[in-house]
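Right, one structure below, let's go through it.
The values are calculated or read from the model by the stated rules, or taken from the named source; none is laboratory data. All of these numbers come straight from a predicted model, not from anything done at the bench. Glycine gets a Cβ as well: all are built from the backbone with ideal geometry, and neighbour counts include every protein chain shown. Each accessible area value is taken on the protein alone, full model and side chains, heavy atoms only, with ligands, DNA and RNA left out. Shrake-Rupley method; radii C 1.70, N 1.55, O 1.52, S 1.80 Å.
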Amino acid sequence: MGNVVIDMSMSLDGYIAAPNDTPEQGLGEDGMRLHNWAFDDPSVFEEVYGNLIEESGAVIMGRRSYDNSIEAWGGKGPLGEVPCFVVTHRPVTGTDPLFSFVTDGIEAALAQARDAAGEKRIGLMGADIDQQFLAAGLVDEIRIHLVDVLLGGGRRLFDTLPQRVELEQTGVGQAGGIAHIEYRVVR
């Protein structure tokens, strides 16, 4: 069974999207600033992520992440042909078969993602989904790419957690001018 991983770029003040994130500007006003480090230089992406697509077996995201990103992804998923599971109360019809809409909660989405992923990792996308999975004790690893900016507003990654989550640092580095910190969730 593959690990469930939060892998996010985040501002120093804890935001993963800038203010006013909408489908027209999925990461908010100038929110791409949080991800430029990974796309401006392909060698940096390779150094930090390695074989991310080959090692990922599924992605679980919330409906907001789906709605705000689908156009930017060109109607496909964030990791090419890696299956995506969208946790939502409002399923969408007529989408790429790469997307499955799960209406019965995060545990059901995780079960479906595990079936699809086999031994490969399962990536999580979106602050709300990440918080739900952390609260349920379903996250194995957290990888944060700490971007040198204070956004002052937007969507926080760890805004609401119902309890303390203990972490063990497993890695720290720097690439592309960004600090990369890795943790294992202690259970």
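Annotations
- Estimated vicinal HN-Hα couplings, Hz - the range 159-168 in sequence order (Karplus 6.51, -1.76, 1.60; Gly, Pro = x): 5, 9, 10, x, 8, 5, 10, 7, 10, 10
- Furthest towards positive pole of dipole, MET125, THR103, ILE6, structure part the chain, Cβ charges: THR103
- For the chain, the membrane-span-like helix rule (DSSP H, alpha carbon extent of at least 15 Å along the helix axis, mean Kyte-Doolittle at least -1.0) picks out 106-117; this says nothing about an actual membrane.
- Of ARG121, ARG184, the residue with the largest accessible area leads and the full order is ARG184, ARG121 (1.4 Å probe).
- The accessible-area ordering, largest first, of the residues ASP30, ASP41 stands as ASP30, ASP41, per a 1.4 angstrom probe.
- Magnitude of the charge dipole for the range 75-187, about its Cα centre and with charges confined to Cβ atoms of Lys, Arg (+1) and Asp, Glu (-1), is about 120 debye.
- Rounded if a/c under 1.5, otherwise prolate or oblate - the range 1-108, Cα gyration tensor axes: oblate
- Look at the alpha carbon pairs under 8 Å that are at least 6 residues apart: their mean separation over the length of the chain gives a relative contact order of 32 percent.
- For the options LEU150, LEU79, LEU34, a Gaussian network treatment of the chain with springs between C-alpha atoms closer than 10 Å singles out LEU150 as fluctuating the most.
- Helical runs assigned H by DSSP (4 residues or longer) give the chain a calculated mean residue ellipticity at 222 nm of -6000 deg cm²/dmol, each run adding -39500 (n - 2.57) before division by the residue total.
- Selected from GLY80, GLY118, GLY28 as most flexible by GNM, with the chain as the system and alpha-carbon contacts under 10 Å: GLY80
- Protein accessible area in the chain, 1.4 Å probe - carbon and sulfur %: 50
- Average accessible surface area per residue within the chain, 1.4 Å rolling probe, Å²: 51
- Net charge dipole, the range 1-152: roughly 440 debye, given to the nearest 20, about the Cα centre with Cβ charges of +1 for Lys and Arg and -1 for Asp and Glu.
- Each DSSP beta bridge with both residues in the chain is either parallel or antiparallel, and the antiparallel ones are about 45%.
- Extreme residue, positive dipole direction of the range 38-92, given options GLY77, PRO42, LEU52 (C-beta unit charges): GLY77
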